[in-house]
Amino acid sequence: MFKKFTHSVKVYYEDTDFGGVVYYANYLKYLERARSESLYSLGLSNKKLLKDYKSLIIVRSCHVDYIKPAFFEDILLIESQVKSMSNTSITMNQIVKRKETIITKAEIVLVIVNDKGKPVRIPKILKDSFK
């Protein structure tokens, strides 16, 4: 079983369309922030992974289900949890909630690459930190 991480975001006017509904592409930003905050909570960062382990985390694919809309000034909670890991990739499930209501679900596949974009093994520190 892998650790679960949570991160909250407030919906600002700039995140919404004319009707006050969160524009769909902004969910990708929220999910990215939550993944970054997960790394920070482990004492890691993308800069540290690059500097110390010559590794970058990139998004290979994402599947997003928009279940219900979020609105201007909503407080959203994003739960992130690793679903599985291979030698070079991490599959992460992310759920966006408004209070207890699930409004968006995403499955993100991340690949670990070197500074030339070639897939490399997940650094042990990263693999161990998610457990």
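The values are calculated or read from the model by the stated rules, or taken from the named source; none is laboratory data. All values derive from a computational prediction rather than experimental measurement. Methodologically, a virtual Cβ is constructed for each residue, glycine included, from the backbone with ideal geometry; neighbour enumeration extends over all protein chains shown. Note: accessible area is taken over every heavy atom of the protein model, side chains too, but ligands, DNA and RNA are not part of it. Shrake-Rupley method; radii C 1.70, N 1.55, O 1.52, S 1.80 Å.
Worth pointing out:
- Cβ pairs under 7 Å, 6+ apart, first in region 1-15 and more than 14 Å from residue 74 (Cβ to Cβ) and in a strand (DSSP E or B), second of a type in the set (Lys, Arg) and open to solvent by 50 Å² or more (accessible area, probe 1.4 Å): 7/33
- Any chance residue 102 is open to solvent by 30 Å² or more (accessible area, probe 1.4 Å), more than 30 Å from residue 123 (Cα to Cα), of a type in the set (A, V, I, L, M, F, W, C) and in a strand (DSSP E or B): yes
- Region 64-76: number of residues that are touching a residue at least 60 places away in the same chain (Cβ under 8 Å) and open to solvent by 60 Å² or more (accessible area, probe 1.4 Å): 4
- Whichever residue in region 1-36 is of a type in the set (Asp, Glu) and within 17 Å of residue 104 (Cβ to Cβ) and, among such residues, is least open to solvent (accessible area, probe 1.4 Å): 15
- Taking first residues from region 111-131 that are touching a residue at least 60 places away in the same chain (Cβ under 8 Å) and partners that are open to solvent by 80 Å² or more (accessible area, probe 1.4 Å) and among the aliphatic types (A, V, I, L, M), the Cβ contacts under 9 Å between residues at least 6 apart in sequence or on separate chains come to 131/1.
- Screening residue 45 against (1) within 14 Å of the chain's Cα centre (by Cα); (2) at pLDDT 95 or above leaves a single unmet condition, (2).
- Residue in region 55-63 that is in a loop (DSSP other than H, G, I, E, B) and surrounded by 14 or more Cβ atoms within 10 Å (Cβ to Cβ) present: yes
- Qualifying residue in region 10-30 (condition: under 21 Å from residue 115 (Cβ atoms) and either among the β-branched types (Val, Ile, Thr) or more than 14 Å from the chain's Cα centre (by Cα) (or both)): no
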